[in-house]
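So the structure is just underneath, and the comments pick up after that.
The values are calculated or read from the model by the stated rules, or taken from the named source; none is laboratory data. The structure displayed is predicted, hence computed values, not measured ones. Note: ideal-geometry Cβ built from the backbone for every residue, glycine included; neighbour counts use all protein chains shown.
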Amino acid sequence: MAMTVGPPGGEDEVMIDINTTPLIDVMLVLLVMLIITIPVQTHAVRLDMPQGNPPPVLMQPDIVHLDIDFDGTISWNGTVLPDRATLERYLRAAAQQNPQPEIHLAPNKLVKYAYVAMVLAESQRLGVVKLGLVGNEQFRE
């Protein structure tokens, strides 16, 4: 028995298919060229802000340097405070001033957090609103 390859009847049909590989290559090149030539979009909002001079600051607030040493010793502008009651008295006087002085709290790197938390809690309880931590550069590593 003989085997024949092809369609039945012995006639060869012509295969009509388009080779799409070159078409896809050309489309990819065109897509890359399009992406390269698109200008970069900047998302900027242009606002015309009024130009003016801010009102001058009439009074510079007093600055109080509150230092906490490594052993928990608290200094108010360089004066060592003997106990917590003295600190409370100084903070109460600062809270009642108008305008309140700026209190710059500078804890030592080795101080226990309990001392710093106590000073912050006392300040909040007595109504001190202008309190800031300074000297934080020592904590960066």
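Tabulated data
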{"item": "Test: residue in the range 62-84 that is small (Gly, Ala, Ser), in contact with a helix residue (DSSP H, G or I) (Cβ under 7 Å, 6 or more places away or on another chain) and surrounded by fewer than 17 Cβ atoms within 10 Å (Cβ to Cβ)", "result": "yes"}
{"item": "Given (1) closer than 30 Å to Gly135 by Cβ; (2) surrounded by 10 or more Cβ atoms within 10 Å (Cβ to Cβ); (3) out of contact with any strand residue (DSSP E or B) (no Cβ under 6 Å at 6 or more places or on another chain), index of the condition Met27 fails", "result": "(1)"}
{"item": "Failed criterion for Glu137 (all others in (1) part of a helix (DSSP H, G or I); (2) more than 24 Å from the chain's Cα centre (by Cα) hold)", "result": "(2)"}
{"item": "Candidate set: the range 62-113, residues that are part of a helix (DSSP H, G or I) and of a type in the set (Lys, Arg); chosen: the one modelled with the lowest pLDDT", "result": "Arg84"}
{"item": "Top-ranked residue in the range 29-76 [being polar (S, T, N, Q) and over 30 Å from Pro107 (Cα atoms); ranked as nearest to the chain's Cα centre (by Cα)]", "result": "Thr42"}
{"item": "Test: residue in the range 43-61 that is in contact with a strand residue (DSSP E or B) (Cβ under 9 Å, 6 or more places away or on another chain) and either assigned to a loop (DSSP other than H, G, I, E, B) or surrounded by 15 or more Cβ atoms within 10 Å (Cβ to Cβ) (or both)", "result": "yes"}
